[in-house]
Amino acid sequence: MNSEYDNELIITIVRRGWSEPVIAAARRAGAEGGTILLGRGTGIHEVKTLLGIAIEPEKEIVLTVVAAARTDAVLDAIVAAAELDQPGTGLAFVVPVRRVVGRVHMFRKDEGEASRAPAPVTGRETP
């Protein structure tokens, strides 16, 4: 996805239990991590019943902020890992991110060695 923004947010909604493969695939494709939220479906095909009691399917929402240049590779990896090309498995979409602050990176490469120092949190590159 070409964008005027430096970062983009990939939002992936999958059935409960599928977020870990999504995160693993995204990391292999160049993402630095993600955030997993729990949710529930409310679509017309989402309501199932058991003994007359409505069961709301649980979903996992994975939020992954990536550099715009990596978006296509990460999204393709997510689609493959979560089988999103199959009906009823979930969906993913991309939203441009105007500004990012507070990103935490537990491990940053400094001169070839991993350190526990967090990356700058300004959301902008320093000269």
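The values are calculated or read from the model by the stated rules, or taken from the named source; none is laboratory data. Keep in mind it's a predicted model, so treat the numbers as computed, not measured. We place every Cβ from the backbone using ideal geometry, glycine too, and count neighbours over all the protein chains shown.
Assorted remarks:
- Scanning segment 106-115 finds no residues that are at pLDDT 90 or above, surrounded by 12 or more Cβ atoms within 10 Å (Cβ to Cβ) and under 16 Å from Thr35 (Cα atoms).
- Counting only strands (runs of 3 or more DSSP E) wholly contained in segment 27-101, the ones carrying 1 or more residues that are at pLDDT 90 or above and more than 15 Å from Gly17 (Cα to Cα) occupy 58-67, 90-97.
- Beta carbons closer than 7 Å, at least 6 apart along the sequence or on distinct chains, pair a first residue in segment 59-78 that is hydroxyl-bearing (Ser, Thr, Tyr) with a second that is not in a strand (DSSP E or B) for Thr64/Ala26; Thr64/Ala31; Thr64/Gly34; Thr64/Val74; Thr71/Met1.
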